[in-house]
Amino acid sequence: MNLAMLKPGETGKIVKMGAIGPLKRRLMDMGVLVGEKVKVEKVAPLGDPLEVTIKNYNLSLRKKEAEGIEVEVIK
């Protein structure tokens with residue numbers, strides 16, 4: 001499952017980063033790392049962008065970026 005598939009209010013644990021190159025570096029610099037918990041706060045009406053909380057701060061990601069981040073749902 002990827003981050004873009006989580007619904008608002010759901011939490012997941014990042015298990016794999018599919019992004020490559022500058023995008024991967026940028027995401028890692030923002031704290032999007034394997035093993036971190038990420039919660040989807042809200043999704044824009046057309047599904048892009050997503051607002052997520054990671055490491056106690058909010059981050060807005062494009063849907064295409066979120067699709068490259070594999071997560072495991074935490075109940």
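No lab work stands behind these numbers, since they all come straight from the coordinates. Because the structure is predicted, anything quoted here is derived from the model rather than measured. Reconstructed Cβ throughout: ideal geometry from the backbone, glycine too, with neighbour counts over all protein chains shown.
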message: Consider the range 1-24. How many of its residues are assigned to a loop (DSSP other than H, G, I, E, B) and either in contact (Cβ under 8 Å) with a residue 12 or more places away in the chain or among the polar types (S, T, N, Q) (or both)?
response: 8
message: When you check ILE54 against the structure, is it closer than 9 Å to ALA4 by Cβ, within 9 Å of the chain's Cα centre (by Cα) and in contact (Cβ under 8 Å) with a residue 12 or more places away in the chain, yes or no?
response: no
- request: Please enumerate the residues belonging to the range 25-75 that are acidic (Asp, Glu), in a strand (DSSP E or B) and loosely packed, with under 13 Cβ neighbours inside 10 Å.
  value: GLU72
task: Just need a number here: residues in the range 1-24 that are β-branched (Val, Ile, Thr) and exposed (fewer than 13 other Cβ atoms within 10 Å of the Cβ).
output: 2
